[in-house]
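Some notes on the structure that comes next.
Every number in this text was worked out from the coordinates using simple rules, so none of it is lab data. Keep in mind it's a predicted model, so treat the numbers as computed, not measured. Note that each Cβ is placed from the backbone with ideal geometry, even for glycine, and that neighbours are counted across all protein chains shown.
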Amino acid sequence: MEPRVAVLRIEGTNCEDETVRALRECGAFAEAIHLKQLYSDMIKESEKRRLKDYTGIVFPGGFSAGDYVRAGAIFSARVKSVLRKDIEEFIRSEFPVLGICNGFQILVEIGALPGMDEDKPISDRPEMVLAINNSNKFECRLSILKHENKGKCIFTRKVKDIVVLPVAHAEGKVVFPAGMEELYIERLVENDQIVFRYVNDKGEYAGYPWNPNGSIYNIAGICNATGNVFGLMPHPERVLYNWHHFDYPHENGEYGDGKSVFESMVEYIKNMR
C-alpha cells in the first residue's frame with residue numbers, strides 16, 4: 001500500500017514542515033493540510049482533500065489555537081465535530097494515527113487515547129489528561145526515553161531500547177482519573193500500551209528534571225489497544241538527522257534517533273493488506 005500521510009494543521013501548529021520532511025525522508029508521500037481542507041465549502045476545489053485518500057495521519061506539535069482553554073482542546077473539538085466518524089473508521093481500518101506533543105494532547109482530548117477499548121476507537125469524553133507540568137513552567141530540554149513496548153505499537157518497531165528526543169511543552173503531565181491510577185497503569189501494562197518512559201542518564205526511572213513534567217509512572221508516550229494510534233510528548237521530528245543530536249557526530253550515522261519512529265510508520269503502511 002502506498003504511504004500517503006496527511007499532517008493536519010490549524011492556526012498555531014508549528015511543526016508540520018519538519019514532520020512532512022521526516023516522512024518524505026522515509027519514502028512516504030506527505031503533505032501538510034489545513035483541517036478546513038477536509039470539510040469546508042469555502043475552500044477552492046483544487047485545494048480540497050479527503051481523509052480516505054490517505055493511509056496515515058499525523059497531528060503535529062505546536063500551539064494549536066493558541067492552546068486557549070487548554071492544550072489541544074479547540075483543535076480536538078473541531079475534529080470531533082466534523083470528522084469523528086471518518087477518524088473512527090480510519091482507526092478501525094488499522095491505519096496509523098500519530099500525535100506529537102500538541103498532537104498527543106489532541107488525541108487525548110478527542111478520546112482516541114488511551115484507547116483501551118478496541119471496539120470503541122474514540123471515547124465520548126476524555127479518559128485521561130495531559131496537565132500542567134509540575135514545575136509550572138514551559139520545559140524545553142532533552143529527554144532520555146526507555147522504549148518499553150514489546151511490539152504492539154506499530155510506530156516503534158524499529159526504535160532501539162534507549163533514545164534521546166527533545167521535549168518542549170507546558171502541559172505534558174500524564175494524569176489518570178483520581179483513585180483509578182493503579183488500575184489504568186495495570187491495564188496499560190497488561191495491554192502493552194506503554195511505549196516510552198522517561199529515564200535518567202543511567203537508564204533508571206527518575207524524577208525531575210529527567211521526568212520533565214511529573215507524568216505518572218514516568219510515561220512519555222502510549223498507544224491504543226490496537227497499536228495503530230500513538231501519542232508522545234517528545235519530538236522525534238526534531239532529531240531526524242545526525243547533526244540534530246547534542247552529541248554530534250551521533251552513532252546512528254546520517255540520521256538521528258527520531259527517524260526510526262517515522263520509518264516504522266511508513267514500513268507498516270507499505271506492508272498493510
Worksheet item: When the Debye formula is applied to the Cα atoms of the range 150-209, each taken as the same point scatterer, what base-10 log of I(q)/I(0) results at q = 0.19, 0.20, 0.22, 0.30 Å⁻¹?
Response: -1.00, -1.09, -1.24, -1.25
Practice prompt. At q = 0.11, 0.22, 0.23 Å⁻¹, work out log10 I(q)/I(0) for the range 92-178 with the Debye formula, treating every Cα as an identical point scatterer and leaving solvent out; two decimals please.
Written response: -0.36, -1.30, -1.34
Worksheet item: Where is the GNM fluctuation largest for the chain (alpha-carbon springs, 10 angstrom cutoff): G103, G12, G72?
Response: G12
Practice prompt. Take D86, D53 and order them by how many other Cβ atoms sit within 10 Å, fewest up front.
Written response: D53, D86
Practice prompt. Can you give me the three principal axis dimensions of the range 129-267 from its C-alpha atoms, in Å, biggest first?
Written response: 46, 34, 23
Discussion item. Rounded, prolate or oblate, given the Cα gyration tensor of the chain, with a/c below 1.5 counting as rounded?
Written reply: rounded
Worksheet item: Using a ≥ b ≥ c from the Cα gyration tensor of the range 216-273 (square roots of the eigenvalues), is it rounded, prolate or oblate, where a/c under 1.5 gives rounded and otherwise the larger of a/b and b/c decides, a/b for prolate?
Response: oblate
Discussion item. For the range 207-273, which chymotrypsin sites (Phe, Trp or Tyr not before Pro) pass both filters: DSSP loop (anything but H, G, I, E, B) and at most 15 other C-beta atoms within 10 Å?
Written reply: F246
Item to complete: Can you list which of the chymotrypsin sites (Phe, Trp or Tyr not before Pro) found in the range 14-108 are DSSP loop residues with at most 12 other C-beta atoms within 10 Å?
Response: Y68
Worksheet item: For K137, which aspartates and glutamates qualify as cross-link partners when the Cα separation must be under 17 Å and same-chain residues fewer than eight apart are set aside?
Response: D67, E171
Response to the item:
So, for the Cα atoms of the range 1-95, Rg and Dmax in Å stand at 13.2, 39
Item to complete: Quick one: of K150/K270; K120/K270; K36/K173, which pairs are farther than 27 Å apart, Cα to Cα?
Response: K36/K173
Response to the item:
So, relative contact order of the range 4-270 in percent, Cα under 8 Å, 6 or more apart, is 19 percent
Practice prompt. Rank the residues L107, L51, L240 as a footprinting-exposure proxy: fewest other Cβ atoms within 10 Å of their Cβ go first.
Written response: L51, L240, L107
Discussion item. So if I average 1/r over every pair of distinct C-alpha atoms in the range 181-262 and take the inverse, what Kirkwood radius in Å does that give?
Written reply: 14.2 Å
Worksheet item: Most exposed first by the Cβ proxy, i.e. fewest other Cβ within 10 Å, how do I216, I154, I100 rank?
Response: I216, I154, I100
Practice prompt. Compute the separation of the alpha-carbon centres of the range 80-119 and the range 1-66 and state it in Å as a whole number.
Written response: 15 Å
Worksheet item: Residue separation times 0.36 nm, minus the C-alpha to C-alpha distance between S93 and Y68: what's the value?
Response: 5.8 nm
Worksheet entry | Antiparallel %, DSSP beta bridges [both residues in the range 4-270], to 5 | 60 percent
